[in-house]
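Colleague: Before anything else, here's the structure in question.
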Amino acid sequence: MTDTAYRTADRSAPSPTPDAVDTMAPASTVSTVEHGPVPWNGHERGSREYRRILFALLCAGIATFAQLYSPQGILPGLAHDLHVDPSRASLAVSAATLGLAVSVLPWSLVGDRFGRVAAMRASLIAATALGLLMPWSPSFEVLMVIRVLEGVALGGIPAIAVVYLGEEIVRHHAAVAAGTYVAGTTIGGLLGRLVSGPVATLTGWRTGTFAVALLATVTATVFFLCTPAPRGFTPRPVSVTRVLKAVAAHLRNPRLLVLYAQGFLLMGGFVAVYNYLAFRLEAPPYLMPSSLASLLFLAYLSGTVSSRVAGGIVQRLGRRRVLLGSVAVMILGVLLTLDAHLPVVIVGIVVMTMGFFGAHSIASGWSGARAEHDRAQAASLYNLWYYVGSSVFGYLGGLVYVALGWPGLVAMVVVLAAVAGGWALFAARD
């Protein structure tokens, strides 16, 4: 990650140790004490500012991911109303994730130049404004344009949040703080689906997604009010040429490519399952209404837990073991959904979600810790591939589902996860 807080490390410091946390503590901001200036090491866990930062980022995660995934639970209703097939309806999700993917690097530049908090505030203002407009799109084409722009706006939070934590939280608590942020993103994704589904059953998909936009407006406002003044950031001019050189260097680094592959492949399979789960459950033999089917998104709570647990056991087991174990759990969960009995399908969704978020929390943080310089760009590249995977396989999964049904979709997801796990087995080293 490129970061003003890491300028000293970029010039002379050694690469982080294997047990280093996801982001390094900043060294650029100093405070003055009786005996002279001392480095700013970050807020200690349990302090008032620490709690405010985590609560503010929880709200930012809810505002971001509730809007990003709110159409996912009501895709059958959207498809029927706009007269499109399941694969095209899924573009309501993929368009936004693609917009987010292409925006994370530009947002990292904005954060470097104007500050992390200022950039995240701008991101939330633009995203919530577009979110309030999106439900009233007069056509599918207009909906796609707004969703792409909404995704671009939303990219400011995942592009900057973990870097911000690294600047403001003391180093040895940064991994736990990052796990808490990831847990907050799962709550946001869950609320977006749980709110839109039942409301859409009563009043239509447009009102359902508008209700989510209102929720995002409230949580974005809380973010504005709760975020303490930043202390670990020093603004600096940014160079597009330098960023492009950093990106090229990261993409030539096999130690980083294996982590980017985790995000690309695992997120692609994960989103494909959730995109078409409602189509499966609303068809025979289940014939489940969308309000009831949306309750299956409660499985996201298992991801909230597993992302925290995974971050907590890294120092004991190592990142590689936790990552591989999480991928194996994800594959097991996907295979369980092949069973015709609904309780087994539900268990499979929960298990798959636990495995995915465990793997994601490790791979996302590791991509920043493993980079020897330009850490902001390293993390942004992970987010880019993560959301490109969501867009690509979220759409391709629909083609597979229409052609081969649920077993075909499961086979695609298992292959994606197996490739990711195999790559990590041979190329990821603590």
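Colleague: What are the pairs with Cβ atoms under 8 angstrom where one residue, in the range 85-113, is buried (at least 22 other Cβ atoms within 10 Å of the Cβ) and of a type in the set (Phe, Trp, Tyr) and the other, located anywhere, is part of a helix (DSSP H, G or I) and modelled with pLDDT under 90? Sequence gap at least six, or different chains.
Modeller: Trp107/Ala159; Trp107/Ile160; Trp107/Ser380
Colleague: Which residue pairs have Cβ atoms closer than 7 Å, lie 6 or more positions apart in sequence or on different chains, and pair a first residue in the range 234-259 that is at negative phi with a second residue that is aromatic (Phe, Trp, Tyr) and at pLDDT 85 or above?
Modeller: Hits for this filter: Pro235/Phe114; Val258/Trp423; Leu259/Tyr382.
Colleague: I've got another one for you. Among the listed residues Leu332, Leu287, Leu292, identify the single one that is farther than 18 Å from Pro198 by Cα and out of contact with any Ser or Thr (no Cβ under 6 Å at 6 or more places or on another chain). Steps first, answer last, please.
Modeller: On the way: Leu287 fails: farther than 18 Å from Pro198 by Cα; Leu292 fails: farther than 18 Å from Pro198 by Cα.
Going through Leu332, Leu287, Leu292 in turn, the sole match is Leu332.
Colleague: With the checklist (1) closer than 29 Å to Met354 by Cα; (2) open to solvent by less than 20 Å² (accessible area, probe 1.4 Å); (3) at pLDDT below 90; (4) not aromatic (Phe, Trp, Tyr) in hand, flag the one item Ala246 doesn't pass.
Modeller: (1)
Colleague: Oh, and also: I want to confirm something. Restricting to the range 227-239 and keeping residues that are of a type outside the set (A, V, I, L, M, F, W, C) and out of contact with any Ser or Thr (no Cβ under 6 Å at 6 or more places or on another chain), which single residue is most open to solvent (accessible area, probe 1.4 Å)?
Modeller: The initial filter retains those residues of the range 227-239 that are of a type outside the set (A, V, I, L, M, F, W, C), namely 227-228, 230-232, 234-237, 239.
Still in the list and also out of contact with any Ser or Thr (no Cβ under 6 Å at 6 or more places or on another chain): 227-228, 230, 235, 237, 239.
On the way: Thr227: 12, Pro228: 11, Pro230: 69, Pro235: 77, Pro237: 111, Ser239: 53 Å².
In this case the residue turns out to be Pro237.
Colleague: Provide a single number: the residues in the range 415-430 that are under 17 Å from Leu399 (Cβ atoms) and either among the charged types (D, E, K, R) or touching a residue at least 40 places away in the same chain (Cβ under 8 Å) (or both). Working first, answer last.
Modeller: As a first pass, look at the range 415-430 and keep what is under 17 Å from Leu399 (Cβ atoms): 415-416.
Those left that are additionally either among the charged types (D, E, K, R) or touching a residue at least 40 places away in the same chain (Cβ under 8 Å) (or both): 416.
Result for the range 415-430: 1.
Colleague: Only one of Ala299, Ala283 is free of Cβ contacts under 8 Å to residues at least 60 places away in the same chain and surrounded by 17 or more Cβ atoms within 10 Å (Cβ to Cβ). Can you tell me which?
Modeller: Numbers: Ala283 fails: surrounded by 17 or more Cβ atoms within 10 Å (Cβ to Cβ).
On inspection, the qualifying residue turns out to be Ala299.
Colleague: Only one of Ala369, Ala328 is assigned to a helix (DSSP H, G or I) and open to solvent by less than 30 Å² (accessible area, probe 1.4 Å); which? First the steps, then the outcome.
Modeller: On the way: Ala328 fails: open to solvent by less than 30 Å² (accessible area, probe 1.4 Å).
Only one candidate passes the filter, namely Ala369.
Colleague: Same structure, new question: When you check Ala129 against the structure, is it over 15 Å from the mean Cα position of the chain (by Cα), of a type in the set (A, V, I, L, M, F, W, C) and more than 19 Å from Ser364 (Cα to Cα), yes or no?
Modeller: Numbers: over 15 Å from the mean Cα position of the chain (by Cα): yes; of a type in the set (A, V, I, L, M, F, W, C): yes; more than 19 Å from Ser364 (Cα to Cα): yes.
Taking the combined requirement at face value, the residue satisfies it.
Colleague: If you check Leu381, Leu323, Leu317, Leu409, which single one turns out to be open to solvent by 20 Å² or more (accessible area, probe 1.4 Å) and either free of Cβ contacts under 8 Å to residues at least 24 places away in the same chain or not polar (S, T, N, Q) (or both)?
Modeller: Values: Leu381 fails: open to solvent by 20 Å² or more (accessible area, probe 1.4 Å); Leu323 fails: open to solvent by 20 Å² or more (accessible area, probe 1.4 Å); Leu409 fails: open to solvent by 20 Å² or more (accessible area, probe 1.4 Å).
Just a single option satisfies the conditions, and that option is Leu317.
Colleague: Here is a follow-up. Give Ser103, Ser87, Ser47 a once-over and let me know the one that is modelled with pLDDT under 90, polar (S, T, N, Q) and in contact with a Gly (Cβ under 9 Å, 6 or more places away or on another chain).
Modeller: On the way: Ser103 fails: modelled with pLDDT under 90; Ser47 fails: in contact with a Gly (Cβ under 9 Å, 6 or more places away or on another chain).
Just one listed residue meets the conditions, Ser87.
Colleague: Related question: For the range 342-360, check the following and say yes or no: at least one residue is part of a helix (DSSP H, G or I), at pLDDT below 90 and either β-branched (Val, Ile, Thr) or over 20 Å from Thr186 (Cβ atoms) (or both).
Modeller: So far as the range 342-360 goes, no, none of its residues is part of a helix (DSSP H, G or I), at pLDDT below 90 and either β-branched (Val, Ile, Thr) or over 20 Å from Thr186 (Cβ atoms) (or both).
The values are calculated or read from the model by the stated rules, or taken from the named source; none is laboratory data. Being a predicted model, the structure only gives us computed values, none of them experimental. Glycine also receives a Cβ, built like all others from the backbone with ideal geometry; neighbour counts cover every protein chain displayed. Each accessible area value is taken on the protein alone, full model and side chains, heavy atoms only, with ligands, DNA and RNA left out. Shrake-Rupley method; radii C 1.70, N 1.55, O 1.52, S 1.80 Å.
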